[in-house]
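Heads up: the structure comes next, in structure tokens.
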Amino acid sequence: MNAKQVEGAMASWRQNIWTVANAVTATKVPLAAAFPWSTHRPGTELGVLLASALSDWLDGTIARRMGQAGGFGAILDPICDKIFLLTVVGVYVAQRRLPLWQLGIVVLRDVWVLAASVLLLVTGRWRQVALRARFLGKTVTVLQFILFGCIALALPTGPALFVLALASVAACFDYTATALRQARGEAP
């Protein structure tokens with residue numbers, strides 16, 4: 001690449017940062033900051049959870065419809081998602097509303113994808129494999145929010161936790177199978 005091409009690529013990348021979809025994604029950070037203070041009122045707590053769930057759905061919808069998918073948003077979205085997730089589970093564990101053994105179930109898919117990403121980076125396979133969002137992974141996210149809603153409303157969590165565990169295991173297998181197919185050069 002010559003200097004002009006590098007300059008053009010940098011300008012395009014900077015333009016890709018300031019998008020509507022990324023602004024919606026970034027709202028998860030102040031929502032995460034507000035969450036610990038919202039837990040004293042179930043309605044407010046549920047409102048923060050619903051606002052984060054809405055932003056999770058809305059940022060992807062906007063990105064696809066406005067041609068803003070990929071680029072910086074593909075990096076920003078999972079980071080903001082994990083900041084919110086870790087804040088919620090951290091608060092719930094600290095408040096003893098989420099037992100430690102359940103924490104493993106709640107974050108199973110996220111830890112699996114993180115471990116797979118590190119493995120791909122260490123082995124140099126990250127160029128052949130793209131761990132993109134998948135249907136089962138999105139299902140896990142919805143189920144996490146349902147579980148958090150049950151916790152916020154002091155409803156029984158057993159059924160939601162059970163379904164979340166099944167979906168998380170299935171998502172881990174799905175991500176692994178997809179990554180292996182991509183590493184072999186097959187279509188995902």
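Can you list the helices (runs of 4 or more DSSP H) lying wholly within the stretch 74-188 that have 2 or more residues being among the hydroxyl-bearing types (Ser, Thr, Tyr), closer than 23 Å to His40 by Cα and in the same structural domain as Val29 (by TED's automatic domain parsing)? Spell out the reasoning first.
Working: elements: 100-123, 135-152, 158-183.
It comes to none.
Each row is one residue, and each column tells you yes or no for (1) surrounded by 15 or more Cβ atoms within 10 Å (Cβ to Cβ); (2) modelled with pLDDT of 90 or more; (3) of a type in the set (S, T, N, Q); (4) within 22 Å of Ala51 (Cα to Cα).
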residue: Ile75; (1), (2), (3), (4): no, no, no, yes
residue: Lys82; (1), (2), (3), (4): yes, yes, no, yes
residue: Val118; (1), (2), (3), (4): no, no, no, no
residue: Gly137; (1), (2), (3), (4): yes, yes, no, yes
residue: Leu153; (1), (2), (3), (4): no, yes, no, yes
Residue list for the stretch 152-182, filter: within 26 Å of Gly60 (Cα to Cα), over 17 Å from the mean Cα position of the chain (by Cα) and not hydroxyl-bearing (Ser, Thr, Tyr): Ala152, Ala160, Leu161, Val163, Leu166, Phe173, Ala177, Ala179, Leu180, Arg181, Gln182
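If we scan the stretch 45-52, do we find a residue that is farther than 12 Å from Ala152 by Cα and either part of a loop (DSSP other than H, G, I, E, B) or among the aliphatic types (A, V, I, L, M) (or both)?
Scanning the stretch 45-52 turns up at least one residue that is farther than 12 Å from Ala152 by Cα and either part of a loop (DSSP other than H, G, I, E, B) or among the aliphatic types (A, V, I, L, M) (or both).
For the stretch 96-112, state whether one or more residues are small (Gly, Ala, Ser), within 22 Å of Pro156 (Cα to Cα) and surrounded by 15 or more Cβ atoms within 10 Å (Cβ to Cβ).
As a first pass, look at the stretch 96-112 and keep what is small (Gly, Ala, Ser): 104.
Applying the additional criterion that residues be within 22 Å of Pro156 (Cα to Cα) yields 104.
If we keep only those that are surrounded by 15 or more Cβ atoms within 10 Å (Cβ to Cβ) as well, we get none.
No, every residue in the stretch 96-112 fails to be small (Gly, Ala, Ser), within 22 Å of Pro156 (Cα to Cα) and surrounded by 15 or more Cβ atoms within 10 Å (Cβ to Cβ).
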Near pairs, Cβ below 7 angstrom, 6+ apart or cross-chain, from the stretch 81-103 (farther than 21 Å from Gly137 by Cα) to any residue that is assigned to a loop (DSSP other than H, G, I, E, B): Val91/Thr39; Tyr92/Leu98; Gln95/Thr39
Lone unmet requirement of (1) in contact with a helix residue (DSSP H, G or I) (Cβ under 6 Å, 6 or more places away or on another chain); (2) surrounded by 16 or more Cβ atoms within 10 Å (Cβ to Cβ) for Pro42: (2)
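Kindly indicate whether Leu49 is under 18 Å from Leu161 (Cβ atoms) and touching a Cys at 6+ places or on another chain (Cβ under 9 Å).
Values: under 18 Å from Leu161 (Cβ atoms): yes; touching a Cys at 6+ places or on another chain (Cβ under 9 Å): no.
For Leu49, the condition - under 18 Å from Leu161 (Cβ atoms) and touching a Cys at 6+ places or on another chain (Cβ under 9 Å) - is not met.
The values are calculated or read from the model by the stated rules, or taken from the named source; none is laboratory data. These numbers come from a predicted model, not from an experiment. No Cβ is skipped: glycine too gets one built from the backbone with ideal geometry, and neighbour counts run over all protein chains shown.
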